[in-house]
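So the structure is just underneath, and the comments pick up after that.
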Amino acid sequence: QVQLAESGGGLVQPGGSLRLSCTISGRTFGSTGWFRQAPGKEREFVAAIGYNGPNTYYSDSVRGRFTISADDVKTTVYLQMNNLEPEDTAVYYCARRMPGGLGLRVREYSFWGQGTQVTVSS
């Protein structure tokens, strides 16, 4: 059984930084993604990292500010978030898909964590 657990969320001022962690248990070999959902909005893609190799992809809204990375065995995936903006406020979820390339859509991911709240406010 695959389980994911996010940590690292919290309250930060605009311009600040946070690093989210996603710990993954169970045997899966697909890519890992970060998504977020703000109140009243649909869940949206943030970033993804492949299981093999350093391939990554980012949404336009976070490219250049966020960095996704992972340990060598992909049991922990990180999301370093810099220069945070109030618009980044949301619940952040990590997810893992079955093998098959990077996934950019919610429906492409089979396994999800419970989420961690990120609030950017002065």
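The values are calculated or read from the model by the stated rules, or taken from the named source; none is laboratory data. Quick caveat, the model's predicted, so the values are computed rather than measured. FYI the Cβ positions are ideal-geometry reconstructions off the backbone, even for glycines, and counts take in every protein chain you see. Keep in mind that these areas ignore ligands, DNA and RNA; they rest on the heavy atoms of the full protein, side chains included. Shrake-Rupley method; radii C 1.70, N 1.55, O 1.52, S 1.80 Å.
Tabulated data
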read-out: Any hit, the stretch 34-48, residues being small (Gly, Ala, Ser) and under 18 Å from Leu102 (Cα atoms); value: yes
read-out: Members of the stretch 105-122 that are more than 20 Å from Ala5 (Cα to Cα) and either under 12 Å from the mean Cα position of the chain (by Cα) or in a loop (DSSP other than H, G, I, E, B) (or both); value: Ser121, Ser122
read-out: Check on Leu79, part of a loop (DSSP other than H, G, I, E, B) and of a type in the set (A, V, I, L, M, F, W, C); value: no
read-out: The listed residue being over 18 Å from Val120 (Cα atoms), surrounded by 14 or more Cβ atoms within 10 Å (Cβ to Cβ) and touching a Lys or Arg at 6+ places or on another chain (Cβ under 9 Å), out of Leu4, Leu84; value: Leu4
read-out: Strands (runs of 3 or more DSSP E) enclosed by the stretch 1-40 - at least 1 residues per element that are modelled with pLDDT of 95 or more and among the aliphatic types (A, V, I, L, M); value: 3-7, 10-12, 18-25
read-out: Verdict on Ala38 being out of contact with any Phe, Trp or Tyr (no Cβ under 6 Å at 6 or more places or on another chain) and open to solvent by less than 60 Å² (accessible area, probe 1.4 Å); value: yes
read-out: Residue in the stretch 88-101 that is open to solvent by 50 Å² or more (accessible area, probe 1.4 Å), outside any loop (DSSP other than H, G, I, E, B) and either modelled with pLDDT of 95 or more or on the phi < 0 side of the Ramachandran plot (or both) present; value: no
read-out: Single residue of the stretch 49-70 satisfying the filter (open to solvent by 50 Å² or more (accessible area, probe 1.4 Å), part of a loop (DSSP other than H, G, I, E, B) and touching a residue at least 24 places away in the same chain (Cβ under 8 Å)) that is nearest to Met98 (Cα to Cα); value: Tyr51
